[in-house]
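**Q** Dropping a structure here in structure tokens format, bear with me for questions.
The values are calculated or read from the model by the stated rules, or taken from the named source; none is laboratory data. Note that this is a predicted model, so its numbers are computed, not measured. All Cβ positions, even for glycine, are placed from backbone atoms using ideal geometry, and neighbour counts span all protein chains on display.
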Amino acid sequence: MKVAVTGTNGQLGTDLCRALHNFDIIPFTHADIEIVDMASVREAMLKHKPAIIINTAAYVRVDDCEDEKEKAFRVNALGARNVAVVAQELGARLVHLSTDYVFGGEVEPRTAPYTEFDTPIPLSIYGKSKLAGENLVRHFCLRHFIVRSSGLFGVAGSSGKGGNFIETMLRLARERDELKVVNDQVFSPTYTRDLARKIAQLITTEYYGIFHITSKGACSWYEFTTETLKLAGLKTPVVPITSDQYPQKARRPHYSVLDNYHLRLLGMDDMRPWQESLRDYLVARGHIT
Ligand SMILES: NC(=O)c1ccc[n+]([C@@H]2O[C@H](COP(=O)([O-])OP(=O)(O)OC[C@H]3O[C@@H](n4cnc5c(N)ncnc54)[C@H](OP(=O)(O)O)[C@@H]3O)[C@@H](O)[C@H]2O)c1
């Protein structure tokens, strides 16, 4: 079965190409396809006629999206629409990647994980543009899986962000006497290898709809950093700070933990605790044995 994947230079795209080894993969980097351009999407997809399309391509620089609002909506909303229209024309299934940042905008602070049946209220342009993309996918492609995940880390590193949080923290821990890390943004860090494996399972089903797919458990960026340094054997002190003490352009949710509720209802939620995945990641990157 032919599976087309966009964003294959990215951290999730790279792991999807590995996880889909039983399929006939058609990989598209940004050089091969421009999702903002309907003609480019149509030409690329019609040439191969995939049965399944997985769209990981996105403008993922959360803070830059605030300054480049048009680019954010063009890529994350209209780009998603273009892929959905072509997937529908081909009668293909579409997996579209989205984010926990579609949540977090309620007045009452949230303390319980979000299920797929909660109403998204995004805080940032990135979150709004990704939510717009979800809605367009739902509208234009009947057989869709919208997969929301969170805090991705992968061996390839995010091509859009130029690396990932873990590698940045390991480097800074070696360079500095002390690290200060935000402790009031709680989420579920997710290893792209685990996410890619689950997507490879999901696409063989007809369980269309929205899916939250994250690692088990949750932590703040501070807790994520302390666990990373502990596993890597680094003793640099880490000081917890608040988001107010680390101003960023985009507002981020204080709590955006996703509940893999849909997977659980189907008996398919065997995602691992994030600590276990983090250890595997550090081994895969050669930081520990
Ligand atoms: N990173 C996270 O923490 C996170 C969390 C939740 C959800 N997600 C979602 O998961 C998906 C994958 O994220 P990721 O971390 O793997 O991102 P990534 O490493 O930045 O990969 C995204 C890929 O999309 C390509 N791309 C960007 N704009 C494009 C366009 N207009 N047309 C075609 N290709 C384009 C990029 O190519 P170039 O770099 O060459 O432009 C890159 O290869 C995204 O949809 C993202 O919104 C990410």
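**Q** Quick one: which of 224, 211 is within 14 Å of the chain's Cα centre (by Cα), among the aromatic types (Phe, Trp, Tyr) and closer than 27 Å to residue 251 by Cβ?
**A** 211
**Q** Given the residues 86, 102, which is the only one that is over 22 Å from residue 149 (Cα atoms) and surrounded by 23 or more Cβ atoms within 10 Å (Cβ to Cβ)?
**A** Numbers: 102 fails: over 22 Å from residue 149 (Cα atoms).
Of the residues listed, the single one that is over 22 Å from residue 149 (Cα atoms) and surrounded by 23 or more Cβ atoms within 10 Å (Cβ to Cβ) is 86.
**Q** Of all residues in the range 10-21 being assigned to a helix (DSSP H, G or I) and of a type outside the set (A, V, I, L, M), which is nearest to the ligand (Cβ to nearest atom)?
**A** Looking at the filtered set, the residue picked out is 11.
**Q** What do you reckon, is residue 280 without any contact (Cβ under 8 Å) to a residue 24 or more places away in the chain and either over 16 Å from residue 170 (Cα atoms) or part of a helix (DSSP H, G or I) (or both)?
**A** Against the criterion (without any contact (Cβ under 8 Å) to a residue 24 or more places away in the chain and either over 16 Å from residue 170 (Cα atoms) or part of a helix (DSSP H, G or I) (or both)), residue 280 does not qualify.
**Q** A follow-up question, please. Within 24 Å of residue 74 (Cα to Cα) and surrounded by fewer than 22 Cβ atoms within 10 Å (Cβ to Cβ): does that describe residue 138? Lay out the reasoning, then the answer.
**A** Numbers: within 24 Å of residue 74 (Cα to Cα): yes; surrounded by fewer than 22 Cβ atoms within 10 Å (Cβ to Cβ): yes.
Yes, satisfied.
**Q** Can I ask one more? Counting residues that are farther than 30 Å from residue 31 by Cβ, which helices (runs of 4 or more DSSP H) fully inside the range 150-255 reach at least 3?
**A** So the answer is 165-175, 221-232.
**Q** Still on this structure, I have one more. Assess whether residue 53 counts as being more than 7 Å from the ligand (Cβ to nearest atom), of a type outside the set (Asp, Glu) and without any contact (Cβ under 8 Å) to a residue 60 or more places away in the chain.
**A** Spelling it out, residue 53 is indeed more than 7 Å from the ligand (Cβ to nearest atom), of a type outside the set (Asp, Glu) and without any contact (Cβ under 8 Å) to a residue 60 or more places away in the chain.
**Q** Could you tell me which of the residues 95, 181, 155, 137 is among the β-branched types (Val, Ile, Thr), more than 10 Å from the ligand (Cβ to nearest atom) and at pLDDT below 95?
**A** Going through 95, 181, 155, 137 in turn, just one is among the β-branched types (Val, Ile, Thr), more than 10 Å from the ligand (Cβ to nearest atom) and at pLDDT below 95: 155.
**Q** Considering the range 1-40 alone, what residues qualify as being without any contact (Cβ under 8 Å) to a residue 24 or more places away in the chain and small (Gly, Ala, Ser)?
**A** 31, 39, 40, listed by residue number.
**Q** Confirm whether residue 272 is at pLDDT below 95 and touching a helix residue (DSSP H, G or I) at 6+ places or on another chain (Cβ under 9 Å).
**A** In short, no.
**Q** So, one more: With the requirement that a residue be within 15 Å of the ligand (Cβ to nearest atom) and in contact (Cβ under 8 Å) with a residue 60 or more places away in the chain, what does the range 203-222 give you?
**A** Hits for the range 203-222 are 210, 211, 212, 213, 214, 215, 218.
**Q** Oh, and also: Quick one: which of 151, 233 is surrounded by fewer than 20 Cβ atoms within 10 Å (Cβ to Cβ) and at positive phi?
**A** Among 151, 233, only 233 is surrounded by fewer than 20 Cβ atoms within 10 Å (Cβ to Cβ) and at positive phi.
**Q** A follow-up question, please. Can you pull out the helices (runs of 4 or more DSSP H) entirely within the range 39-149 that have at least 2 residues that are within 16 Å of the chain's Cα centre (by Cα) and among the hydroxyl-bearing types (Ser, Thr, Tyr)?
**A** Values: elements: 62-67, 69-73, 80-90, 125-140.
Per the criteria, 125-140.
**Q** Shifting gears a bit: In the range 158-178, which residue that is more than 16 Å from the ligand (Cβ to nearest atom) and touching a strand residue (DSSP E or B) at 6+ places or on another chain (Cβ under 8 Å) is farthest from residue 100 (Cα to Cα)?
**A** 178
**Q** Please enumerate the residues belonging to the range 22-50 that are exposed (fewer than 14 other Cβ atoms within 10 Å of the Cβ) and more than 12 Å from the ligand (Cβ to nearest atom).
**A** Correct list: 22, 24, 39, 43, 46, 47, 49.
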